[in-house]
Amino acid sequence: MSGGGLLAGPDGALRCPWGLATEDYVTYHDTEWGKPVHGDDALYERLCLEAFQSGLSWLTILRRREGFRKAFGDFRIAAVAEFGPADAERLLADEGIIRNRAKIEATLANAKVLAGWEPGELDALIWSHAPKRKGRAPRTTGDVPAVTPESTALAKALKKAGIRFVGPTTAYALMQACGLVNDHLAGCVSREA
């Protein structure tokens, strides 16, 4: 992220600068990013999408989100855990998603691991890594870290549990997206909403 500060949107409200780049981002910024997400399937979806985003623009993933949901059975862990080799080949041919073999295989393998967990276990593991104290609101995008000690610990815990394709940066993006941290800039219309 660059060192950008708040910008006024078309409605006059101040927002994080990335949240005004496209209409897709405005909606995502205002209604989803940084809002608490709970539930194993919902968190599995976010974990998968963050992994698919690795090396790409989030906008690429956001614009294909419905394609991902259709391809991966709405990210229901139990359903994806049943996917086999034919499904992997189908996914590699699906133009509605990112056709990256390593990311697809990780998504399927992670579902198989998570299917063996108790209900709520993924939610509890992820949320146990939320920072214990609220940090100061960032003033510019340059104040927002890419990795934190908590995201490093979360990535290690997920890897230890058998979850693939998640590092500290991906884990921090997950924490931001799912509301474990609030990285909306100070004064952003969505910070306290």
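The values are calculated or read from the model by the stated rules, or taken from the named source; none is laboratory data. Worth saying up front: this structure is predicted, and the values here are computed from it rather than measured. As a convention, Cβ positions derive from the backbone with ideal geometry for all residues, glycine included, and neighbour counts pool all protein chains shown.
Return the only residue of Val166, Val181, Val189 being β-branched (Val, Ile, Thr), within 16 Å of the chain's Cα centre (by Cα) and more than 25 Å from Phe72 (Cα to Cα). Val181 is the lone residue from the list that is β-branched (Val, Ile, Thr), within 16 Å of the chain's Cα centre (by Cα) and more than 25 Å from Phe72 (Cα to Cα).
Only one of the listed residues (Thr27, Thr60) is more than 14 Å from the chain's Cα centre (by Cα) and among the hydroxyl-bearing types (Ser, Thr, Tyr). That residue is Thr27.
Filtering region 106-130 to residues that are surrounded by fewer than 17 Cβ atoms within 10 Å (Cβ to Cβ) and part of a loop (DSSP other than H, G, I, E, B) leaves Gly116, Trp117, Glu118, Pro119, Gly120, Ser128, Ala130. Looking only at region 140-187, filter to residues that are in contact with a Ser or Thr (Cβ under 6 Å, 6 or more places away or on another chain) and assigned to a loop (DSSP other than H, G, I, E, B); which one of those is surrounded by the most Cβ atoms within 10 Å (Cβ to Cβ)? Selected residue: His184.
For region 8-17, the condition of being part of a loop (DSSP other than H, G, I, E, B) and in contact with a strand residue (DSSP E or B) (Cβ under 7 Å, 6 or more places away or on another chain) holds for at least one residue. Within this structure, Lys103 passes the test of being charged (D, E, K, R), closer than 17 Å to Lys159 by Cα and crowded, with 16+ Cβ neighbours inside 10 Å. Contact map, region 60-78: residues that are within 16 Å of Ala106 (Cβ to Cβ) paired with residues that are outside any helix (DSSP H, G or I) and among the polar types (S, T, N, Q), Cβ distance under 7 Å, separation 6+ or inter-chain. No pairs are found.
In the condition set (1) assigned to a loop (DSSP other than H, G, I, E, B); (2) modelled with pLDDT of 95 or more, Arg133 is compliant with all but (2). Looking for something among the charged types (D, E, K, R), touching a residue at least 24 places away in the same chain (Cβ under 8 Å) and not in a helix (DSSP H, G or I) - is there at least one such residue anywhere in region 42-54? Checking region 42-54: not a single residue is among the charged types (D, E, K, R), touching a residue at least 24 places away in the same chain (Cβ under 8 Å) and not in a helix (DSSP H, G or I).
Put simply, of Gly142, Gly167 the only residue that is under 21 Å from Glu50 (Cβ atoms) and either in contact with an Asp or Glu (Cβ under 8 Å, 6 or more places away or on another chain) or not charged (D, E, K, R) (or both) is Gly167.
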